[in-house]
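In what follows, a single structure is set out as structure tokens and then discussed.
What follows draws every value from the coordinates through simple rules; no lab data is involved. None of the values given here were measured: they were computed from a predicted structure. Here the Cβ is made from the backbone with ideal geometry for all residues, glycine too, and neighbour counts use every protein chain on show.
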């Protein structure tokens with residue numbers, strides 16, 4: 001169950017973690033909508049976390065979401081461990097609940113959306129990571145909403 005179940009109202013920041021860039025999206029629990037926000041372009045941890053601290057200060061999220069990359073068959077790989085470490089660092093530094101959202105194919109979907117919007121090459125790359133973060137957060141909201149619907153459905157049937 002997501003850590004943020006206790007906080008169904010307020011904003012959420014989501015991260016598409018990469019070694020060179022971190023895509024960031026913002027969303028609102030009450031709307032269940034995610035929007036691309038920015039890309040943190042740094043490989044230096046101090047710079048990355050300073051940028052994240054500024055975003056947290058600005059948006060005042062009630063929770064964070066980190067995309068968790070897995071292989072197509074669902075197994076973990078090198079980046080899975082790095083993203084888990086990043087999520088643990090976020091939790092430790094900022095004291096906010098951090099949930100994971102599977103990000104299988106989010107970058108591929110982001111590339112397709114950008115291509116359909118007329119972006120290509122370098123211009124597409126400028127937006128890719130933030131759009132991938134948006135897709136991760138939107139999928140998280142949809143999964144959370146579906147889980148809530150399933151729980152309510154079962155609770156209703158259990159009481160009848």
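Taking a ≥ b ≥ c as the square roots of the eigenvalues of the Cα gyration tensor of the stretch 28-76, is the shape rounded (a/c under 1.5), prolate (a/b larger than b/c) or oblate? Oblate.
Ordering 44, 66, 98 by the number of other Cβ atoms within 10 Å of each residue's own Cβ, fewest first, gives 44, 98, 66. Full extension of the chain between residue 80 and residue 57 gives 5.6 nm of extra length, using 0.36 nm per residue less the Cα-Cα distance. Would you work out if the stretch 7-109 is rounded, prolate or oblate? Take a ≥ b ≥ c from the square roots of the eigenvalues of the alpha-carbon gyration tensor; rounded if a/c is under 1.5, else prolate when a/b is larger than b/c, oblate otherwise. Because a/c hits 1.5 or more and a/b fails to exceed b/c, the stretch 7-109 counts as oblate. Inter-label distance, residue 145 to residue 47: 3.7 nm, where each label sits 7 Å from its Cα along the C-beta direction.
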